[in-house]
Amino acid sequence: MASSSFETRDGFSSKFGVIAAAAGSAVGLGNIWRFPYITGENGGGAFLLMYLFFVLAIGIPVMLSEFVIGRRAQSNALNSFRVLSPGSSWWLIGLMGIIAAFVILSFYSTVAGWTLEYIVQAVKGGFAGKSIEQLNSDFALFSSGSIMPVVWQLVFMLLTAGVVMAGIQKGIEKYTKILMPLLLLLIIVICVRSVSLPGADKGLRFLFVPDFSKITLQSMLMALGQAAFSLSIGMGALITYGSYIRKNTPLLGSSIQIASADTLIAVLSGVMVFPALMAMGENPVGGPGLVFVSLPKIFQAMPGGYVFAIIFFILLSVAALTSTISVLEVVVAYMKDRFKISRIKACILSATAISLLGVFCTLSFGPLKEYTLFGMTMFDLMNYLSANVFLTFGALFIILYTGWKLGKANFLDEIRQGGKVSAPVAAVLIFIIRYIAPVAVGAVAIGAFFIDGLI
Ligand code: TRP
């Protein structure tokens, strides 16, 4: 039943290759666009604290589980469960992951499209001399249009499909290795400017000093969903990547490195945005337009800001691209194995279907604004459902699978291939995977949905 053997699957060429590709998947709009505005809306410091807890208690264990499942099964997100547990229903996790991929890409490509528009605006010098109000209304005007946002979204989907068609090795690894460190460097430069603005301390306090009265079941669910979204877990993307990881790569160490890099970039994004924003007397609650308004404002205040703005939005687009390719890869890897069609065909079919759904998300800022469900536009609904429903429950089921179905011996055998894991570390890991992580995710997800009645 194993659809393909290790030899016939693409492999990453080096240990750094897969770390880079998985980190490329993790680091994206989730860190730079979504983290700041969700943190802003959910109370700052207290939210950050919950976020960090979820990365440690759930993010790393689930990431590791996905790698283990994929590398052991040597198959895609859905079939891996069939390979490892034939005759059971656990493959439904994979099915949910494929649906999640559609949901995520549909709205993610909207925002990715915006980043392309902002490259053009940066080149045109379109931010110069504008007040926050003007930048705000520029963003609102652009995003509510019905032509350009759709065009950019489709361009982005084409780029994504193009890279995925080229295949894993050449497609993913090459770009990520150079560009992600560059992005980190640029973010640090922007952070330095942001925190040195007069009045920046207010923003730092907002981000780092927790106000515990802000903790609610709803904000806990948002923190959990954001952690899953940012780390690319809960959907099987990392199961698919896991199947490409060589046996000599240490999975635990890699997971910790990827999660650390991802979390560092998210926190630094907060440091970029909030001090600058609050130094300008603005409210931390800014919605999906937050970085598209606050960052142009910081670039105005930077020597060389014109050039930095261009480079930043280019790198942000690349970061988004290394994420979208990992989402599309889930669907393509599945379709290719399942229907025995070529990578190219699978790519065209899935990218087309996702783009169709995506256009509705994009238009929900303008012409389709009035069409809501549960009080949310199409974009808001997909955004909410992806992180807080699909990925949260996906993470819960994946951790339950690893802890209670895969078997301790299988799990430990897999993580010990390519890396040393001592007995005490293994015991702690097993304890977290069996008890802490499922109880934490279960309590928050079930509590928020069924007690708070969110949906
Ligand atoms: N983690 C990415 C980001 O932060 C988004 C993403 C890419 C993702 N692949 C994923 C989220 C798989 C969940 C599952 O931008």
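The values are calculated or read from the model by the stated rules, or taken from the named source; none is laboratory data. It should be emphasised that the depicted structure is a prediction, and the values quoted were computed from it without experimental measurement. All Cβ positions, glycine included, derive from the backbone under ideal geometry; neighbour counts span all protein chains shown. Each accessible area value is taken on the protein alone, full model and side chains, heavy atoms only, with ligands, DNA and RNA left out. Shrake-Rupley method; radii C 1.70, N 1.55, O 1.52, S 1.80 Å.
Here are a few things to note about the model shown:
- Sole residue being of a type outside the set (D, E, K, R), at pLDDT 95 or above and open to solvent by 20 Å² or more (accessible area, probe 1.4 Å), chosen from 29, 56, 48: 56
- Test: residue in the range 127-149 that is of a type in the set (A, V, I, L, M), assigned to a helix (DSSP H, G or I) and within 16 Å of the ligand (Cβ to nearest atom): no
- Filter result for residue 388 (within 13 Å of the ligand (Cβ to nearest atom) and at pLDDT 95 or above): no
- Failed item, numbered, when residue 114 is tested on (1) assigned to a helix (DSSP H, G or I); (2) farther than 30 Å from residue 352 by Cβ; (3) more than 11 Å from the ligand (Cβ to nearest atom); (4) of a type outside the set (Gly, Ala, Ser): (2)
- Those helices (runs of 4 or more DSSP H) of the range 179-290 in which at least 1 residues are in contact (Cβ under 8 Å) with a residue 12 or more places away in the chain and under 27 Å from residue 334 (Cα atoms), considering only elements entirely within it, cover 217-231, 237-242, 251-279.
- Considering each residue of the range 77-84 in turn, at least one proves to be in a loop (DSSP other than H, G, I, E, B) and surrounded by 17 or more Cβ atoms within 10 Å (Cβ to Cβ).
- Screening residue 71 against (1) away from the ligand (no atom under 16 Å from the Cβ); (2) open to solvent by 10 Å² or more (accessible area, probe 1.4 Å) leaves a single unmet condition, (2).
- Flag for residue 66 being of a type in the set (D, E, K, R), outside any loop (DSSP other than H, G, I, E, B) and within 18 Å of residue 392 (Cα to Cα): yes
- Verdict on residue 273 being out of contact with any Asp or Glu (no Cβ under 8 Å at 6 or more places or on another chain), of a type outside the set (Gly, Ala, Ser) and open to solvent by 10 Å² or more (accessible area, probe 1.4 Å): no
- Scanning the range 390-410 turns up at least one residue that is over 25 Å from residue 216 (Cα atoms) and free of Cβ contacts under 8 Å to residues at least 12 places away in the same chain.
- Being closer than 22 Å to residue 442 by Cβ and in contact (Cβ under 8 Å) with a residue 24 or more places away in the chain is a property that does not hold for residue 27.
- Residue list for the range 85-111, restricted to those being among the polar types (S, T, N, Q) and either away from the ligand (no atom under 16 Å from the Cβ) or open to solvent by 40 Å² or more (accessible area, probe 1.4 Å) (or both): 85, 88, 89
- Some residue of the range 348-363 being crowded, with 24+ Cβ neighbours inside 10 Å and away from the ligand (no atom under 16 Å from the Cβ): yes
- Residue in the range 280-288 that is over 26 Å from residue 149 (Cα atoms), within 16 Å of the ligand (Cβ to nearest atom) and open to solvent by 10 Å² or more (accessible area, probe 1.4 Å) present: no
- Those helices (runs of 4 or more DSSP H) lying entirely in the range 371-455 with at least 2 residues under 30 Å from residue 324 (Cα atoms): 378-385, 392-401, 408-415, 437-446
- Residues (exposed (fewer than 15 other Cβ atoms within 10 Å of the Cβ) and either under 16 Å from residue 447 (Cα atoms) or aliphatic (A, V, I, L, M) (or both)) located in the range 392-409: 409
- Test: residue in the range 314-337 that is more than 16 Å from the ligand (Cβ to nearest atom), of a type in the set (A, V, I, L, M, F, W, C), in contact with a helix residue (DSSP H, G or I) (Cβ under 6 Å, 6 or more places away or on another chain) and under 28 Å from residue 181 (Cα atoms): yes
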